[in-house]
Amino acid sequence: MDSLQDSISWGLKSGNIHLANTRFGKNPQGELLGFSTIITPSPEKVKIHLKEIARVIDIHTAKSQSDLIKRLNSLIIGWANYYRTVPSSKVFYKLDSLVYQKLRAWANHRHPKKSKTWVSNKYWQTIGNDHWVFATREEGTNPLRLRKHGQIKIIDHAKVKGESSPYDGNLVYWSTRMGKHPESPKRVATLLKIQKGKCSHCGLHFRDEDVMEVDHRIPKSKGGKDSYENWDLLHRHCHDIKTATDGSLGTKSSCKSAKPKPPSHTEWFWKEDMLVTRYE
C-alpha cells in the first residue's frame with residue numbers, strides 16, 4: 001500500500017477527511033462498472049479550523065493588523081497544506097469567504113464611527129490582479145498580506161510507475177518525484193523536482209544515464225548568486241551551449257563523445273565552481 005492510501009485510511013479513521021459524491025457507473029444491463037469517490041476535508045475539521053480562526057481574530061481586537069496577519073497566516077497555510085492533496089478547492093474558497101466576513105466585523109468594531117468605505121480602504125487593497133487583499137499599508141515597505149486558502153495549489157497525487165522502487169537505482173525518477181535521494185546531492189534532487197525532471201535549456205526529460213550539471217542563470221562573474229533562484233540543472237551539452245552565449249567565464253566540457261553507457265557507479269564532484277557528475 002503506497003503512502004497516499006495509508007494517509008487516506010488514516011484520515012478516514014481519524015475523521016480528518018470524508019468520502020463525498022460517490023458516483024456509480026453502470027453498463028446497459030444495469031451492472032455496476034465501478035465507482036469514483038471524491039475525498040474532501042471533513043465538515044467537523046472545517047468547523048474546528050473556523051473556530052480557531054475566529055478565536056485568533058477575537059483575541060487580536062486591540063492588536064495591530066500585522067500581528068493578526070502573521071498569526072492567521074500560520075494557521076491558514078498549515079491547514080491548507082495538509083488538505084492540498086485532496087479535492088479541497090470548493091472548501092478553500094468557502095473558508096476564504098467566511099474569513100472575510102469575520103475580518104469585516106473585526107475592522108468595523110475597531111472603527112465604529114467610520115464609514116464602510118473608510119474601513120475598506122484602511123485594511124483592504126488591490127495587489128496585482130488580486131482584489132480585496134487584507135494587507136498592511138506601511139509606506140516604504142512591502143505590504144504584509146493575509147494568505148488565502150484558495151491560493152494554496154491543489155496537488156494531484158501521482159502513482160508510482162510500475163515496479164519502481166527507491167532502491168532500484170533510478171536517481172532521476174525518485175529525485176524528481178520526492179526532491180531527495182540518498183545517492184543524489186540535495187541541490188540536484190531539489191532542482192530535479194522543481195524542473196519536473198526536465199532540462200531547463202532544451203526542455204527534454206533527463207534520463208538516468210545523462211550527464212547533468214548545475215548552472216548559474218546569471219553567471220557568478222556577472223554578480224549571480226548561489227541560490228535556487230539562480231540555479232538550473234542542464235544536460236552537459238546544453239550547459240556548453242548556454243555558457244558559450246551568456247558571456248560567463250566558465251570553460252566548456254567539450255563533451256563530443258557518443259551517448260554515455262549506463263553507469264555502474266555515479267560520483268558527484270565540484271569542477272570550476274560547477275557541480276557535475278562522473279560515471280565510473
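The values are calculated or read from the model by the stated rules, or taken from the named source; none is laboratory data. Given the structure is predicted, the values throughout are model-derived calculations rather than measurements. Glycine gets a Cβ as well: all are built from the backbone with ideal geometry, and neighbour counts include every protein chain shown. Note: areas computed on protein heavy atoms with side chains; ligands, DNA, RNA excluded. Shrake-Rupley method; radii C 1.70, N 1.55, O 1.52, S 1.80 Å.
Could you look through the stretch 113-154, keep only residues that are part of a helix (DSSP H, G or I) and open to solvent by 70 Å² or more (accessible area, probe 1.4 Å), and pick out the one that is modelled with the lowest pLDDT? My answer is Q151.
Filter the stretch 189-236 down to the residues that are touching a strand residue (DSSP E or B) at 6+ places or on another chain (Cβ under 6 Å) and β-branched (V, I, T) and list them by number. Of everything in the stretch 189-236, those that are touching a strand residue (DSSP E or B) at 6+ places or on another chain (Cβ under 6 Å) and β-branched (V, I, T) turn out to be V211, V214.
Scanning the stretch 210-224 for residues that are outside any loop (DSSP other than H, G, I, E, B) and more than 25 Å from the chain's Cα centre (by Cα) returns K220, S221, K222.
Counting residues in the stretch 208-223 that are open to solvent by 60 Å² or more (accessible area, probe 1.4 Å) and closer than 22 Å to I155 by Cβ gives zero.
When R177, R187 are checked against the criterion of being basic (K, R) and at pLDDT 75 or above, R187 stands alone in meeting it. Screening L32, L98, L50, L75 for residues that are open to solvent by 30 Å² or more (accessible area, probe 1.4 Å) and either more than 26 Å from W132 (Cα to Cα) or at pLDDT below 90 (or both) leaves exactly one candidate, L32. Yes or no: the stretch 112-121 includes at least one residue that is closer than 16 Å to H149 by Cβ and among the basic types (K, R). Looking for residues that are closer than 16 Å to H149 by Cβ and among the basic types (K, R), one finds none in the stretch 112-121, hence no. The requirement of being assigned to a helix (DSSP H, G or I), exposed (fewer than 11 other Cβ atoms within 10 Å of the Cβ) and either over 22 Å from the mean Cα position of the chain (by Cα) or at pLDDT below 70 (or both) is fulfilled nowhere in the stretch 16-25; no residue meets it.
Taken as a whole, the stretch 232-251 holds no residue that is touching a Pro at 6+ places or on another chain (Cβ under 7 Å), open to solvent by 20 Å² or more (accessible area, probe 1.4 Å), modelled with pLDDT of 75 or more and part of a loop (DSSP other than H, G, I, E, B).
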